[in-house]
Amino acid sequence: MIEFKNPFKRKGNWYKGNLHLHTTNSDGTYTPEEICIVYKNEGYNFIAITDHGRVTSVKKNFPSFLVIKGAELGKGDFHVVAVGLKKEFIVEKLSCQEIIDEINRRKAYPIIAHPYWSGLTSSDLFKLKNYIGIEVYNNTCEKIKGKGYSSVHWDELLQKGKKILGFASDDTHHRPDKYREDDALGSFIMVKATSLSERSILNSIKNGYFYSSTGPIIENIEVSKNTIYIKTS
């Protein structure tokens, strides 16, 4: 029997977003305000700014556009995106599991970033607990090194009983040149939520009421015993 929380059967509206983006406050080239404009103009409803080791604030308000605070926190080969983190903390003396635990303690949501690009194995990830998911697709890792897809990691973790979510993220740094494509606007998640508020969006994400994509829109999913029906664009 196939079991999952079907967002198409949930009341609410669809909101398009991205949960992993960098600005000039770490190693990106867009300012916080510029990255909001770029994504808002392309039809995104929300983003999370997740600069390395620090929480970034946006000084300007954008109508009908939600900016969620966060940070990307690293320990060795492990990078964890902390979505909803309000204040950064020092990670130097912490293990990856302790970083995840601290993110949870601060009521934010830990997502393991780009496992394939980081050289992590599914065994490495299986040893960790209390993270909500992994980046199954990371756009900048795909553009730079062709290591954006971590679908094998996700599949193996699910087979071993880890009920974790799969995310598509841009990890935008916006440093295109003659040999590198731009890493902005290459993926998104569609979240079914009751409103465009941080509480509603994050609650839906935590409970799995979303899907990830690098382009196609999923229009409906139905599950009947051992059959999955999917309608897409």
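The values are calculated or read from the model by the stated rules, or taken from the named source; none is laboratory data. Just so it is clear, the structure is predicted and the values come from calculations on it, not from any experiment. Positions of Cβ are backbone-derived with ideal geometry, glycine not excepted, and every protein chain shown enters the neighbour counts. Only protein heavy atoms, including side chains, enter the accessible area calculation; ligands, DNA and RNA are left aside. Shrake-Rupley method; radii C 1.70, N 1.55, O 1.52, S 1.80 Å.
Before moving on, here are some points about what is shown:
- Looking only at residues in region 187-233 that are assigned to a strand (DSSP E or B) and hydroxyl-bearing (Ser, Thr, Tyr), the one that is nearest to the chain's Cα centre (by Cα) is SER212.
- Region 30-52, residues that are in a loop (DSSP other than H, G, I, E, B), touching a residue at least 12 places away in the same chain (Cβ under 8 Å) and surrounded by 15 or more Cβ atoms within 10 Å (Cβ to Cβ): TYR30, TYR44, ASN45, THR50, ASP51
- Residue pairs whose Cβ atoms lie under 8 Å apart, sitting 6 or more positions apart in sequence or on different chains, and linking a residue in region 193-221 that is within 22 Å of THR140 (Cα to Cα) and free of Cβ contacts under 8 Å to residues at least 60 places away in the same chain to a partner that is open to solvent by 40 Å² or more (accessible area, probe 1.4 Å) and of a type outside the set (Asp, Glu), are PRO216/THR232; PRO216/SER233; ILE217/THR232; ILE217/SER233.
- For region 176-231, a residue qualifies if it is in contact with an Asp or Glu (Cβ under 9 Å, 6 or more places away or on another chain), more than 30 Å from ASP27 (Cα to Cα) and of a type in the set (A, V, I, L, M), and the qualifying residues are VAL223, ILE228, ILE230.
- Where helices (runs of 4 or more DSSP H) fall wholly inside region 62-150, the ranges with 2 or more residues that are open to solvent by 20 Å² or more (accessible area, probe 1.4 Å), farther than 27 Å from LYS40 by Cα and free of Cβ contacts under 8 Å to residues at least 40 places away in the same chain are 96-105, 115-118, 122-126.
- Subset of region 151-186 (residues that are assigned to a helix (DSSP H, G or I) and out of contact with any Ser or Thr (no Cβ under 8 Å at 6 or more places or on another chain)): SER151, TRP154, ASP155, LEU158, GLN159
- Any hit, region 199-213, residues being out of contact with any Leu (no Cβ under 8 Å at 6 or more places or on another chain) and exposed (fewer than 12 other Cβ atoms within 10 Å of the Cβ): yes
- Odd one out for VAL55 among (1) open to solvent by 30 Å² or more (accessible area, probe 1.4 Å); (2) in a loop (DSSP other than H, G, I, E, B); (3) touching a Leu at 6+ places or on another chain (Cβ under 8 Å): (1)
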